[in-house]
1. Once you sort the root eigenvalues of the Cα gyration tensor of the range 394-461 as a ≥ b ≥ c, which label holds: rounded (a/c under 1.5), prolate (a/b larger than b/c) or oblate (the other case)?
2. Find the Cα radius of gyration of the range 134-254, compare it with 2.2 N^0.38 Å by division, and give the number to two decimals.
3. Please work out, to two decimal places, the log10 of the ratio I(q)/I(0) at q = 0.18, 0.20, 0.26 Å⁻¹ from a Debye calculation in which every Cα of the range 148-188 carries one identical scatterer.
4. Give the angle, between 0 and 90 degrees and rounded to the nearest 10, that separates the Cα long axis of helix 351-362 from the longest principal axis of the Cα atoms of the chain.
5. What is the P(r) of the range 23-167, as percent of Cα-Cα pairs per 10 Å bin from 0?
6. Normalized C-alpha radius of gyration of the range 309-440, against 2.2 N^0.38 Å?
7. How much accessible surface area, in Å² rounded to 10, belongs to the heavy atoms of residue 156 with a 1.4 Å probe?
8. Would you work out what percent of the accessible area of the chain, with all protein chains in place, is carbon or sulfur (probe 1.4 Å)?
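The values are calculated or read from the model by the stated rules, or taken from the named source; none is laboratory data. Computed from a prediction, not measured in an experiment: that's the story for all the values here. Counting neighbours? That spans all protein chains shown, and the Cβs are built from the backbone with ideal geometry, glycine included. The protein model used for the area step is the full one, side chains on, heavy atoms only, and it has no ligands, DNA or RNA in it. Shrake-Rupley method; radii C 1.70, N 1.55, O 1.52, S 1.80 Å.
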Amino acid sequence: MAEVDSALRQPPSATGAKEPGSPRMGEVYSALRQPLVIGDKSPGQVSQDVCAPLERRATVWWWLAFLASVSLLLLGVTAVTYQIATGIGTWGLNSTVGWAFDITNFVFWIGIGHAGTLISAILFLFRQKWRTAVNRSAEAMTIFAVICAGLFPVIHMGRPWLFYWMVPYPNTRGPLWINFSSALTWDFFAISTYFLISLTFWYVGLLPDLATIRERAQPGWRRQILAFFSLGWNGSYRTWHRYEVVYLLLAGLATPLVVSVHSIVSSDFATAVLPGWHTTIFPPYFVTGAIFSGMAMVLTLMIIARKVMRLQDYITVRHVDAMGKIVLATSSLVGLAYAIEFFTALQSPNRYEYYAFVNRALGPLGWGYGIMVLCNVLLPQTLWFRRIRTNLLAVWILSLIINVGMWFERFVIIVQSLEREYLPSSWGSYAPTSIELATLAGSFGLFFTCFLLFCRFLPMIAMAEIKGVLSYGRGSKE
């Protein structure tokens, strides 16, 4: 019965309907196409494999990971509570370095959130079928990362209960309004828009899978909740047609946000007159770096999840290989941006700009610049070799290294530029406090707690989309 219900809820391509350009009965698929799903699965088997982790009891490993992430989250909540009660003087900020860990973490988490929209929207528009196994988890990562990112500007305000002042609503303060020409105000609207579109895109994509889980669930409260959130999905042709139109429109809306959101974040820096920040390369540089770090985080989580959730037939080495190529391309672009920055500074008649970049490489925090270049440019070049791209352990270790390097990139840009401004009399040094370190750990706790709950209660893989590509790369069965 579950297999029948599953088949009824598939798009025409998954239930055997003829599509334009698809092979006819008895024809053999191209031998050059490698199958996206291993094991000659049927639609019913896909539902069984993807829903199995949701229907069985949580393993001991899941509980241990969940307790560890919740512990980090509670540590962060404690640190933030103490900071709000005491003031942001608990941080290591000073009159010279007014931005540090808080904005570094903000830019880092916004970057992590870019891979989901890239995989889901842009690759969907380019008809890249391999995205179907990883898009659901990448979309969820986007939402959780944006939540983590949005917390840091609110905390940095010092009085987070006045956050609503950012909203341009009718008020009694007369002509006192937010500064609409400020890039910080653009941040608020860009990130909130990105979050809402990403959340809607993720939820709409979940609808057919929620209906499949609803049919498999036993009568009771769980089935009622699934029935409510599946919005009466019945798998009819008209339902699928409306779904595909809405999904395409949301993909079109989300695609420019990948570019606009981090371009606006870069404007926080590029519109300043500080040496090392005042540069027009920041928008494409930040967008490329965001996709780079986001893809690395997807690899970090998906390589573990495919093993723990027993999804090796769906998240294959081919998927890791494809994502590794994207990581390699974006790493090369990031390295090019580093070189352009340094070349421009060295050729500039502005001695302050020249000194800012020499200080990055050779100054007191030069070790951070070295870590950044090693992790983001040099080590990812090993992905030119297919043997490395298809070695899951090597790719997983490299993805961790890249995430460390991208965090240091934001730290170098922010702190090193602020420590050495125009006048030596205003120079200062910065060191993070235990409160800042605990807040960073708490943000990772929040992210992993949300991701573990997502893996436990919702399908990690888009079943409906996977069923639509089951025939890809298969030969005929005559």
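1. Prolate shape, in that a/c is at least 1.5 and a/b is the bigger ratio.
2. So the range 134-254 has a normalised radius of gyration of 1.43.
3. Relative scattering, expressed as log10 I(q)/I(0), comes to -0.57, -0.69, -1.05.
4. 60
5. Once binned at 10 Å, the Cα pair distances of the range 23-167 give 9, 22, 28, 20, 13, 7, 2, 0.
6. Computed over Cα atoms of the range 309-440, the ratio equals 1.31.
7. Counting only protein heavy atoms, the figure is 50 Å².
8. Carbon-and-sulfur percentage of accessible area, whole number: 68.
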